[in-house]
1. Could the peptides 251-257, 151-157, 102-108, 567-573 be put in order, highest first, of the mean number of other beta-carbon atoms found within 10 Å of their residues?
2. Roughly what would the spin-label model give for ASN633 and ASN417, points 7 Å off Cα along C-beta, in nm?
3. I need to check one value: relative contact order of the chain, counting alpha carbon pairs closer than 8 Å and at least 6 residues apart, in percent.
4. Give the separation of the Cα centroids, the stretch 378-434 to the stretch 438-483, in Å.
5. For the chain, what is the accessible area per residue in Å², given a 1.4 Å probe and the full set of protein chains?
6. Tally up the carbon and sulfur contribution to the accessible surface of the stretch 474-577 as a whole percent, 1.4 Å probe, everything protein left in place.
7. So if R0 is 45 Å, what FRET efficiency would TYR271 and ASN127 give, r being the distance between their Cβ atoms, rounded to the nearest 0.05?
8. Apply the Karplus parameterisation 6.51 cos²θ - 1.76 cosθ + 1.60, with θ equal to phi minus 60°, to every residue of the stretch 446-453 and state each ³J(HN,Hα) to the nearest whole Hz, in sequence, with x for glycine and proline.
Amino acid sequence: MGKQEIKDKIEKLREFLNTCNYKYYVLSQPDISDYEYDIKMAELQKLESENPEFDDQNSPTKRVGDDRNLEFSQVAHKYPMLSLGNTYNEGDLKEFDSRIRKLTDKPFFYDCELKFDGTSISLTYQNGKLIRAVTRGDGQKGDDVTNNVRTIKSIPLTLNKDAKYPDFFEIRGEILMPHSSFNRLNEERAEIGETPLANCRNAAAGALKTQNSAAVSRRGLDCYLYYLMMDSLPTNSHFQNMQLAKSWGFKVSENTTKAENISQVIDFIEYWNKERKNLPYDIDGIVIKVDQMDIREQLGFTAKTPRWAIAYKFKADEVSSPLISIDYQVGRTGVITPVANLEPVHLAGTIVKRATLHNADIIKSLDLHYGDTVFIEKGGEIIPKITRVDIEKRLQNATPINYIDKCPVCGAELVRNPGEAGHYCPNYLHCPPQITGKIIHFVTRKAMNINCGEATIELLYNQGLIKNPADLYDLKAPQIARLERFAEKSAKNFIESIHNSVEVPYSRVLYALGIRYVGEQAAKSLAKKFKNIEQLKSATIEQILEINDIGQAIAESVFQWFRNSENIEMLNRLIKAGLQFQNSETEVVNEEKSQKLAGLNLIVTGSFATPQRRSELEQMVEINGGKLQSSVNAKTNFVVAGDKPGTSKIQKAEKLGIKIISEQEFLKLLQ
């Protein structure tokens with residue numbers, strides 16, 4: 001195949017994949033299977049890799065981002081990004097309407113749009129290609145986050161080929177994090193002992209400012225566009241301009257409407273104030289804009305805001321309740337999380353009895369006193385949080401609540417590192433909830449996959465049979481059979497599960513150790529660079545930092561873990577028990593075995609010929625470029641099912657039309 005033929009084929013594949021992205025992420029109307037899509041993507045990746053002279057930053061293959069950390073540069077906005085005036089009541093809306101009608105005698109419409117609760121973005125396109133993405137910043141200048149924005153699949157990198165769009169224009173909108181992505185991110189943070197994020201808005205803003213675009217691509221961000229800007233707009237109607245933008249390939253909300261008067265605007269607001277709870281993302285109000293561009297020009301601007309637009313903000317669902325007490329919970333990594341116990345109260349469709357207080361700074365800023373009545377709202381519509389105190393109901397002589405300085409369980413002096421919001425208990429080797437938390441983490445399916453639950457670990461600890469993960473490998477079936485909840489057969493199965501766990505691969509063993517900040521991905525990266533535990537144990541902080549996705553906090557945590565004598569003693573016992581502390585020959589040879597499953601999402605569920613076979617199949621997925629999922633969703637390509645697979649997973653896969661295959665069919669995929 002000649003170079004021109006290769007170039008034509010690459011451009012044809014890019015056009016095809018861009019169209020598929022548009023249909024999937026913007027229209028939600030995919031017309032090919034994920035498998036077909038992934039085959040075409042793999043073909044394009046191969047052609048681009050073999051022909052770097054045809055590289056294009058707007059190729060759909062660039063969606064995965066870059067592992068390098070890049071500093072953001074400041075870019076001046078061609079058109080200033082102004083803020084909107086806000087109101088919380090209908091009276092202000094009527095005054096807004098009255099002011100406009102005094103300033104113009106022309107008839108006009110209002111555009112009513114959902115006010116997405118995310119972070120503003122301005123996108124610039126030239127000749128149908130994305131050339132720059134800039135944050136609001138101070139309204140005059142913002143950060144150039146183009147590399148990060150390229151990873152957001154609902155933002156077109158190249159516009160629809162057949163559309164008639166201007167050579168140069170800007171379009172503005174909101175980058176947001178859907179509830180599904182937010183919940184997944186918080187699960188991952190909890191897994192490595194980090195404080196959950198409070199709301200989707202902060203999570204989206206934080207993700208967009210991450211200086212590693214490969215990490216941004218994993219955050220599941222979305223984007224809605226709502227404002228077209230250029231020197232000469234296509235029509236005099238904002239609504240029509242956005243419909244044109246939609247035809248060019250942009251994701252424009254279906255929930256925008258035109259209103260003839262302020263009464264219709266208020267009806268729209270009342271509808272969405274109730275219905276917003278059913279949206280898959282957060283909105284915090286409604287934006288009302290004059291539709292006609294010539295009237296906007298006539299109305300003009302104040303120093304900070306346009307006179308032709310206003311934002312009506314919803315009041316957060318808020319209730320008050322007496323504060324009964326505060327519990328200080330100790331996580332497996334020692335992080336102390338204060339939780340308020342409240343008189344049960346109904347809020348946004350649920351009964352709330354507890355609310356997180358996050359850390360000492362939050363308690364101090366609220367000026368909490370014992371016996372206070374507090375107001376609670378659902379931050380980001382999801383997590384209950386205390387927002388303020390009802391000072392009028394404060395008891396006389398009420399004493400302030402001061403954050404504890406000792407661990408509520410073991411009594412150790414708490415530590416707060418510079419730059420960190422939370423306190424933690426440093427006594428991780430002897431603090432009971434940290435000990436049981438680490439062992440519970442050690443036995444989970446993603447770690448050592450030992451068949452037992454939290455109650456079993458707590459029972460064994462309370463009986464004095466285990467004090468750290470290494471003790472599990474000294475247990476005998478007769479010891480277990482004597483315990484409550486166990487019989488001879490269940491004790492035997494438990495011990496057999498422990499023995500089978502020695503086949504778990506090195507990276508998962510590293511993850512199982514529960515080193516602070518080391519999650520699944522970090523453990524894989526560490527195992528990839530340091531082929532055995534001795535290399536990792538002797539590594540310096542600087543050597544650990546050479547790994548792209550490892551930061552200072554993780555590197556220091558890993559380094560210090562191996563400097564502790566009790567950790568080393570436990571490690572030696574685990575080595576003696578036969579756990580895998582080096583990459584197997586197969587792993588070393590096949591670390592990047594193939595890309596046969598590149599871009600495919602798979603789930604392995606059920607029982608197979610041997611207990612370790614499931615782990616082997618999961619490993620095959622990863623070394624062939626696939627991605628393992630824990631739950632079925634629309635992006636799942638295959639479910640590999642053994643005997644007695646998870647009923648809910650199979651039912652959901654059947655409902656979504658996802659192919660369910662056997663172990664033999666899976667192996668054929670790799671041939």
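1. 151-157, 251-257, 567-573, 102-108
2. Each label point lies 7 Å from its Cα, and together they span 2.9 nm.
3. Numbers: 1147 pairs, mean separation 68.2, N = 671.
Over the chain, the number comes to 10 percent.
4. Between the Cα centres of the stretch 378-434 and the stretch 438-483 lies a distance of 30 Å.
5. On the way: 32800 Å² over 671 residues.
Computed with neighbouring chains in place, this is 49 Å² per residue.
6. Exposed carbon and sulfur together represent 48 percent of the surface.
7. On the way: r = 41 Å, r/R0 = 0.90.
With R0 = 45 Å, the Cβ-Cβ based efficiency is 0.65.
8. For the stretch 446-453, the Karplus-derived couplings read 6, 9, 8, 6, 8, 7, 7, x Hz, x marking Gly and Pro.
The values are calculated or read from the model by the stated rules, or taken from the named source; none is laboratory data. Quick caveat: nothing in here was measured; it's all calculated off a predicted structure. Here the Cβ is made from the backbone with ideal geometry for all residues, glycine too, and neighbour counts use every protein chain on show. These accessible areas exclude ligands, DNA and RNA; they are computed on the full protein's heavy atoms, side chains included. Shrake-Rupley method; radii C 1.70, N 1.55, O 1.52, S 1.80 Å.
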